[in-house]
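The values are calculated or read from the model by the stated rules, or taken from the named source; none is laboratory data. Model, not experiment: these values are computed from the prediction. Every residue, glycine among them, receives a Cβ derived from its backbone with ideal geometry; neighbour counts consider all protein chains shown. Side chains included, ligands, DNA and RNA excluded: accessible areas come from the protein's heavy atoms. Shrake-Rupley method; radii C 1.70, N 1.55, O 1.52, S 1.80 Å.
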Amino acid sequence: MNSIKTKVCSSCESSFTCGDISAESKCWCNDFPPIFNLSDGGDCLCPVCFKEACEDKIDAYVETITPQKALKNKAITLPKQEKLIEGIDYYIENGNYVFKTWFHLKRGSCCGNDCRHCPY
């Protein structure tokens, strides 16, 4: 199944590898939330540009969320991602993990711990 390709980022023009090594070892982009359609334009982005594009798209979506909308948000229905991504799911402040609104939206409910970025 080795289908690794060297590509050029359509944003910054840097070279990067893309593709699945095996059925068990998927492309790096599979760690990110599936929030882009293939029709969103352009070819693949490098890991840095792809992360930035994800952050921008998620931040724009989060800005539209109210406590009422949070209960039936789109993130709840996305396939569960095992890996948490710094900058998307959390950031580190004074050595502590601070979970962002996106992380809470994916969980789908309030945990009751008075989280800083709780959308509920």
| Residues of type lysines that Lys106 reaches as a straight line, Cα spacing below 25 Å, ignoring anything fewer than 8 places off in the same chain | Lys26, Lys51, Lys57, Lys69, Lys72, Lys74, Lys80, Lys83
| Once you wrap a convex hull around the alpha carbon atoms of the range 49-109, what is its projected area averaged over all directions, in nm²? | 4.7 nm²
| request: Quantify, in whole percent, the carbon and sulfur part of the accessible surface of the chain (1.4 Å probe; protein heavy atoms only). | output: 52 percent
| query | What does the charge dipole of the chain about its Cα centre add up to, to the nearest 20 debye, if the Cβ of each Lys and Arg holds +1 and the Cβ of each Asp and Glu holds -1? | reply | 440 debye
| query | How much solvent-accessible surface does Glu63 expose, in Å² to the nearest 10, with a 1.4 Å probe and all protein chains in place? | reply | 150 Å²
| said: Computed from the coordinates I sent, Rg and Dmax of the Cα atoms in Å equals one of (i) 30.4, 87; (ii) 16.0, 46; (iii) 14.9, 48. Tell me the label. | reply: (ii)
| note | Taking Cα atoms, the helix 47-62 axis meets the longest principal axis of the chain at an angle in degrees (rounded to 10) of 30 degrees
| said: Solvent-accessible area of Phe16, probe 1.4 Å, all protein chains present, reported in Å² to the nearest ten, please. | reply: 20 Å²
| said: I need the phi-derived Karplus couplings for the range 10-19: 6.51 cos²θ - 1.76 cosθ + 1.60, θ = phi - 60°, integer Hz, Gly and Pro marked x. | reply: 6, 9, 9, 6, 7, 8, 7, 9, 8, x
